[in-house]
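Colleague: Would you mind keeping the following structure in view while I ask a few things?
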Amino acid sequence: MDLILQLLANGISNGSQYALLGIGFGLIFGTTGIVHFAYGPVFAASAYVMWWLIAALGLPFPVAVVLGMAFAAGFGVLAYLVIYEPLVERGSPSFVVLVASLGLFIVIANTLAIVFGTDAKTLPDFSYGIYFLGDVVVTGVQIAQVLVFMAVALALSAFLKYGTWGSAIRAVTDNVDMARIVGIDTRKVAIVVFAIGSMISAIAAANLLVREGASTHIGFFAVFYAFIAVVVGGVGSIRGAAIGGLLLGLVESTGMWKLPTEWQSTIAFLVLFVVMLWRPTGLLRGN
Amino acid sequence: MTARIPLLEIEGLSVSYGKRQIVSDLSLTVREGDIFLMLGHNGAGKTTLLRSIFGLLKPSAGRVRYHGADITGRSPKDNVRDGICFVPQGHAVFKRLTVHENLMLGAFIVEDKSILAPRIEAINELFPILSERRDQMAGTMSGGQQQMLAIGIALMLAPRLLILDEPSIGLAPNLVIAVMESIVKIRQSLGTTILMVEQNVEKSLPIATDTMIMRTGRTVYLGLPEGLSDRATLIQYL
């Protein structure tokens with residue numbers, strides 16, 4: 001019983017991280033229709049930038065996170081303006097945009113490896129507490145992951161519901177043709193979602209930097225889990241991406257009860273496969 | 001009788017999809033206060049023409065003038081700001097947003113939202129069902145209700161020119177009559193000029209002030225609707 005509770009706690013914590021990645025990726029994918037696989041290396045690059053700001057420049061962690069978010073936003077917007085927008089403008093089919101995003105993924109990931117090396121970059125002297133909830137042991141980072149996810153999800157929901165640009169994003173996600181017809185600047189909306197989605201990836205990167213450090217492969221796993229969370233939850237639904245991420249974390253963690261950890265990624269695919277068979281548009285009726 | 005002022009002038013407009021020309025050298029004038037009706041079979045190029053007037057498609061040749069100014073190829077965003085609204089074919093609403101959110105999006109470009117309450121009231125008066133369904137998801141409403149909402153969205157900007165693409169498509173006969181009546185009311189109460197494509201000749205012709213029939217991208221009839229009152233003449237053009 002204690003083991004199950006421990007696995008559930010781990011699942012909620014990991015699921016929060018996947019959900020956080022999912023809402024950022026899903027915001028971009030659901031609004032623009034672009035499968036932005038380079039979301040992963042943007043996430044990784046912001047982790048490296050934050051590490052550098054702290055380890056090399058000695059900046060305080062919160063300042064590094066804010067700068068890392070700004071860097072990610074700029075990087076994401078640049079990827080849209082330089083790579084995706086010209087292709088979309090020319091009427092390229094979606095698979096061409098997809099291949100371009102994979103190309104961008106490889107270029108950024110390799111550049112990071114060349115610039116920072118392939119060894120993991122961890123934060124020096126970064127301590128966090130260990131807490132006991134009954135017989136369940138959780139770290140400060142695990143608690144922070146859950147709280148950060150909840151704060152970001154609530155802030156994003158409020159922005160989408162009440163903000164002017166939030167309603168424009170919802171309109172474009174629902175019906176891009178109608179959004180143009182009512183006078184919404186869909187290009188600006190795309191830029192805004194690339195900026196916000198990338199900023200969210202940087203927040204998730206800050207979580208990972210504290211927990212494990214930055215390394216070259218983190219970008220792949222970030223976009224892998226984000227993509228599955230979004231497809232499982234339903235493309236175009238931020239709530240769906242959050243639920244998809246949490247579900248993924250819970251199933252993956254409780255799966256460790258009987259399976260060795262090497263099966264972790266396989267479980268994620270299994271969740272995707274089962275949900276797609278049962279509900280092809282995702283748990284929350286996506287596009 | 002005073003001469004009606006031209007509001008929209010199309011001169012020699014051609015529109016192509018790749019190498020295929022859909023609209024060829026087409027000209028027409030819509031005057032202030034008109035209900036200008038475009039008729040024609042499927043594939044005649046009517047929707048393409050409307051979309052190119054509104055800036056959703058770029059014409060390959062010709063000019064579009066609005067109030068004398070050249071607006072050829074101008075973006076929908078700028079057209080909307082200038083009082084031109086477009087209701088595309090097929091229940092053009094934001095299906096996963098509520099009726100109220102849909103109406104508010106219709107006035108997205110309006111910065112001072114405080115002026116919108118009377119407009120929403122006027123739209124609710126025209127389509128009372130919309131106030132009853134204020135918080136319902138648009139996609140869960142019937143086709144007729146969605147069409148009323150689609151027109152309501154366009155009316156949120158109190159447009160000077162309202163472009164409607166087959167507003168009666170897929171509606172039950174009683175709803176077709178209701179939609180046509182609402183178009184007449186919009187023209188009378190708001191002074192909005194209407195440019196409308198329709199397939200339902202029987203219900204749309206009586207409310208029209210000017211008519212055009214298109215066939216394979218070209219004009220085959222341009223004139224008063226009375227000229228088409230004879231069934232044989234109508235069949236000849238269609």
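Please treat every number below as a calculation from the coordinates, not as lab data. This structure is a prediction, so every number in the text was calculated from the model and none was measured. Every residue, glycine as well, gets a Cβ built from its backbone with ideal geometry; the counts of neighbours run over all protein chains shown.
Colleague: Hey, fewest Cβ within 10 Å first, where do A:Phe25, A:Phe269 land in order? Walk me through the intermediate numbers first.
Modeller: On the way: A:Phe25 31, A:Phe269 11.
With the fewest neighbours first, A:Phe25, A:Phe269 line up as A:Phe269, A:Phe25.
Colleague: Under the √(5λ) rule applied to the eigenvalues of the Cα gyration tensor, what semi-axes describe the equivalent ellipsoid of the protein assembly as shown? Give them in Å, descending. Don't jump to the answer; show the numbers that get you there.
Modeller: Details: eigenvalues 571, 112, 81 Å².
Rounded to whole Å, the semi-axes are 53, 24, 20.
Colleague: Here's a follow-up. Could you work out the relative contact order of the stretch A:2-278, using alpha carbon pairs under 8 angstrom and six or more residues apart, expressed as a whole percent?
Modeller: Working: 436 pairs, mean separation 115.7, N = 277.
That works out to 42 percent.
Colleague: Using only the alpha carbon atoms of the stretch A:2-278, find the Kirkwood hydrodynamic radius as the inverse mean reciprocal pair distance, in angstroms to one decimal.
Modeller: On the way: mean 1/r = 0.0526 Å⁻¹.
About 19.0 Å for the stretch A:2-278.
Colleague: Cα to Cα, under 19 Å, and not fewer than 8 places away if on the same chain: which aspartates and glutamates meet these conditions relative to A:Lys161?
Modeller: A:Asp174, A:Asp185, B:Glu101, B:Glu111, B:Asp112, B:Asp135
Colleague: Also: Alpha carbon centre of the stretch A:1-57 versus the stretch A:81-119: separation in Å?
Modeller: Rounded to whole Å, the Cα centres lie 19 Å apart.
Colleague: Next question, about the same structure. Within chain B, how many Lys pairs sit with Cα atoms under 25 Å apart, leaving out pairs fewer than 8 places apart on the same chain?
Modeller: Lysine pairs meeting the criterion: 12.
Colleague: Would you mind calculating the relative contact order of chain B from Cα pairs under 8 angstrom and at least 6 residues apart, reporting the percent as a whole number? Walk me through the numbers on the way to the answer.
Modeller: Working: 458 pairs, mean separation 63.3, N = 238.
So the answer I get is 27 percent.
Colleague: Can you order the peptides A:155-161, A:143-149 by their average number of other Cβ atoms within 10 Å per residue, highest first?
Modeller: Details: A:155-161: 14.6, A:143-149: 19.7.
The densest-packed peptide leads the list: A:143-149, A:155-161.
Colleague: In addition: If you take each beta carbon of peptide B:68-78 and count the beta carbons of other chains within 10 angstrom, what is the mean?
Modeller: The shielding value for this peptide is 2.
Colleague: If we count other beta carbons within 10 Å of each Cβ, what is the order of B:Val201, A:Val96, fewest first?
Modeller: On the way: B:Val201 18, A:Val96 13.
Going from least to most buried by this count: A:Val96, B:Val201.
Colleague: Would you pull out the residues with amide H under 5 Å of A:Ala38's amide H, same chain only if 5 or more places away, H placed 1.01 Å from N?
Modeller: Under 5 Å from the amide H of A:Ala38: A:Phe105.
Colleague: Same structure again: Please report, ordered by residue number, every helix of chain A (full DSSP H runs) that is 27 Å or longer along its axis going by C-alpha atoms and whose mean Kyte-Doolittle hydropathy reaches 1.6.
Modeller: Helices passing the filter in chain A: A:94-116, A:140-162.
Colleague: Continuing with this model, one more query. Which order do A:Tyr39, B:Tyr221, A:Tyr225 fall in if you start with the one that has the fewest other Cβ atoms within 10 Å?
Modeller: Values: A:Tyr39 31, B:Tyr221 18, A:Tyr225 27.
Least to most surrounded, the residues fall as B:Tyr221, A:Tyr225, A:Tyr39.
Colleague: Apply the Debye scattering formula to the stretch B:81-156, with a single equal point scatterer on each alpha-carbon and no solvent, then give log10 I(q)/I(0) at q = 0.19, 0.21, 0.23, 0.24 Å⁻¹.
Modeller: Each listed q maps to, in turn, -0.71, -0.87, -1.04, -1.13.
Colleague: Add -39500 (n - 2.57) for each DSSP H run of 4 or more in chain A, then divide by its residues: what number comes out at 222 nm, to the nearest 500 deg cm²/dmol? Please list the in-between numbers first.
Modeller: Numbers: 12 runs with 210 residues, N = 287.
Dividing the helical sum by the residues of chain A leaves -24500 deg cm²/dmol.
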